[in-house]
Amino acid sequence: DAGVIQSPRHEVTEMGQEVTLRCKPISGHDYLFWYRQTMMRGLELLIYFNNNVPIDDSGMPEDRFSAKMPNASFSTLKIQPSEPRDSAVYFCASSTTYEEIYGYTFGSGTRLTVV
Amino acid sequence: AQSVTQPDIHITVSEGASLELRCNYSYGATPYLFWYVQSPGQGLQLLLKYFSGDTLVQGIKGFEAEFKRSQSSFNLRKPSVHWSDAAEYFCAVRKGGNTPLVFGKGTRLSVIA
């Protein structure tokens, strides 16, 4: 298995533009998590899904952020409009219900820079 | 709310020396505990985890961690550090079931010759 795949690896955009981050979880994993990593706040959970259904989005900073999981093999995190304070590394992770065996698997992240 | 504290932001050790990274958690019951490692520009990789049973758990890359309920701690150790261990280390906790992980702020490990 190729692991959790995120794209793009790097994104530089201008303030006010729409940004879409993509994630392909590991096949068979029924949980998907979006985390944001910054120096100041560390790793923060933004939202997570179970069987494609959003379970908790209380970590989403504001209405500019939205996430979808249209099927078991794909999820997007969208920021519209983007702001410089959104600059961070965004990680996607997936897991199974039987975490004792598999734990979380993280993607390599998307480094977002908003100028 | 549960929280995780990693008191050391940055630690520097000599290659071949022993290592201990500290982690304290705040939660009423025994949570599920994890250590992850992040190399520069990479995602997080699971080193080891504790759910129950033996309080000393072994992980990958020669790491181990000990759960101490009385101290609410889950410290990571390695007897002899290699230069390739230089990375960021994160302790994480979850209440149980499939609740999401809550991460500490991380400890950056530097290894010198």
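Every number here is computed from the coordinates shown, using simple stated rules; none is lab data. Keep in mind the model is a prediction, meaning the values are calculated, not measured. Every residue, glycine as well, gets a Cβ built from its backbone with ideal geometry; the counts of neighbours run over all protein chains shown.
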* Structure fact -> Karplus ³J(HN,Hα) for the range B:19-25 (6.51 cos²θ - 1.76 cosθ + 1.60, θ = phi - 60°; Hz, whole; x = Gly/Pro) runs 9, 9, 10, 8, 8, 10, 10
* **the range A:63-115-the range B:63-113 distance, computed between alpha-carbon centres (Å)** => 23
* Asked: Just counting partner chain Cβ atoms within 10 Å, what average do the residues of peptide B:80-87 show around their Cβ?
  -> 0
* Looking only at other chains, what is the average number of their beta-carbon atoms within 10 angstrom of each beta-carbon in B:38-45? -> 6
* Structure fact -> Among the Cα-Cα pairs of the range B:1-64, the proportion with separation greater than 20 Å, in percent, is 37
* Which three extents, in whole angstrom, do the alpha-carbon atoms of the range A:1-100 cover along their principal axes, largest first? -> 40, 25, 25
* For the protein assembly as shown, please report how many Lys pairs fall under 14 Å Cα to Cα, leaving out neighbours fewer than 8 apart on the same chain. => 6
* To do: Please tell me the relative contact order of chain B in percent, rounded to the nearest whole number, where contacts are Cα pairs under 8 Å and at least six residues apart.
  => 38
* Structure fact -> For the range A:15-84, listing GluC sites (Glu not before Pro) in a DSSP loop whose Cβ sees at most 13 other Cβ atoms within 10 Å gives A:Glu18, A:Glu62
* Just tell me how shielded B:100-113 is by partners: mean number of partner chain Cβ atoms within 10 Å of each residue's Cβ, no decimals. => 3
* **Residue-averaged 222 nm ellipticity for the protein assembly as shown, from DSSP H runs of 4+ at -39500 (n - 2.57), nearest 500** => 0 deg cm²/dmol
* How much of the calculated P(r) for chain B lies past 23 Å, in percent of all Cα pairs? -> 22
* Asked: So what does the Cα-only Debye profile of the protein assembly as shown read at q = 0.14 Å⁻¹, as log10 I(q)/I(0), no solvent term?
  -> -0.89
* List every residue whose amide H lies under 5 Å from the amide H of B:Leu47, counting only residues 5 or more places away in sequence or on a different chain, with H placed 1.01 Å from N in the peptide plane. => B:Trp35, B:Tyr36, B:Val37
